[in-house]
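Notes for the one structure printed next.
The values are calculated or read from the model by the stated rules, or taken from the named source; none is laboratory data. Quick caveat: nothing in here was measured; it's all calculated off a predicted structure. Backbone-built Cβ (ideal geometry, glycine too); neighbour counts: all protein chains shown.
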Amino acid sequence: MDAAAVRRLFQVSFPEVESEDPVEYFGEIGSAVDALVYGWLYWPKLVEQHGAVFLALNGDDEAYIAERLAAAIAASRDEPRGSWAEAVDSFNFFELEYLFGVRPATANVQEDVVQQLGSVLVETWSARLASAYPDRRFSVTLRLADESLMLATRVQVTQRTPALVPPAGWNARVR
């Protein structure tokens, strides 16, 4: 996280706070309840299914992931499905601006805000995964918006080692 960039973003977003130190802002504009709400974002719940780890950021993730995976495994339509790793990665892909229901009044700085947030999430999510799964290695990367692909700035989580093993019934050639 770039402290100088964050300070500028905070000054634009909260002009009523007179501080040069971004650390001071949570004490000026936040509350313990605000901090608690965001605890799940910074140290997310992790769900493991079929040997794959999923970040749970939407609520009722275990049921949603299990249902979607079961349907994909059981499906028998003749369409290319892709690898098991690609399927897992599709769950662990988070466009940052869409994680929140409230859009800020200072929309002109939104991209800068999500990039700074993304850099923090890369660090905290990496630590969370390393803490919960010390024998596995994950890649947690920030990817900037790509208008040609209609993708917002996002964080992608990928398990690197050990390699993911497809569950019984998974056929990369059948969807």
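Tell me whether region 122-135 contains one or more residues that are modelled with pLDDT under 95, assigned to a helix (DSSP H, G or I) and under 22 Å from residue 8 (Cβ atoms). Checked against the condition, which is being modelled with pLDDT under 95, assigned to a helix (DSSP H, G or I) and under 22 Å from residue 8 (Cβ atoms), region 122-135 yields no hits at all.
Is it the case that region 79-90 has a residue that's out of contact with any Cys (no Cβ under 6 Å at 6 or more places or on another chain), of a type in the set (D, E, K, R), surrounded by 14 or more Cβ atoms within 10 Å (Cβ to Cβ) and modelled with pLDDT under 85?
Residues of region 79-90 that are out of contact with any Cys (no Cβ under 6 Å at 6 or more places or on another chain), as a first pass: 79-90.
From the residues that got through so far, the ones that are of a type in the set (D, E, K, R) too are 79, 81, 86, 89.
With surrounded by 14 or more Cβ atoms within 10 Å (Cβ to Cβ) added as a condition, the list becomes 81, 89.
Remaining after also requiring modelled with pLDDT under 85: 81.
Within region 79-90, one or more residues are out of contact with any Cys (no Cβ under 6 Å at 6 or more places or on another chain), of a type in the set (D, E, K, R), surrounded by 14 or more Cβ atoms within 10 Å (Cβ to Cβ) and modelled with pLDDT under 85.
Considered as a group, the residues in region 136-167 that are without any contact (Cβ under 8 Å) to a residue 24 or more places away in the chain and among the small types (Gly, Ala, Ser) include one that is nearest to residue 83 (Cα to Cα), and that residue is 139. One residue stands out in region 3-19 among those that are in a helix (DSSP H, G or I) and of a type in the set (Gly, Ala, Ser): the one that is surrounded by the fewest Cβ atoms within 10 Å (Cβ to Cβ), namely 4. Answer yes or no: is there a residue in region 25-43 that is modelled with pLDDT of 90 or more and not in a helix (DSSP H, G or I). Yes, some residue in region 25-43 is modelled with pLDDT of 90 or more and not in a helix (DSSP H, G or I). Here is the figure for region 6-58: residues that are in contact (Cβ under 8 Å) with a residue 12 or more places away in the chain and under 16 Å from residue 121 (Cα atoms) total 12.
Going through 110, 49 one at a time, which residue ends up being more than 29 Å from residue 5 (Cβ to Cβ), modelled with pLDDT under 95 and out of contact with any Ser or Thr (no Cβ under 8 Å at 6 or more places or on another chain)?
Details: 110 fails: more than 29 Å from residue 5 (Cβ to Cβ).
Residue meeting the stated conditions: 49.
Taking region 137-165 as the range and being assigned to a loop (DSSP other than H, G, I, E, B) and exposed (fewer than 14 other Cβ atoms within 10 Å of the Cβ) as the test, the residues that pass are 144, 150, 162, 163, 165.
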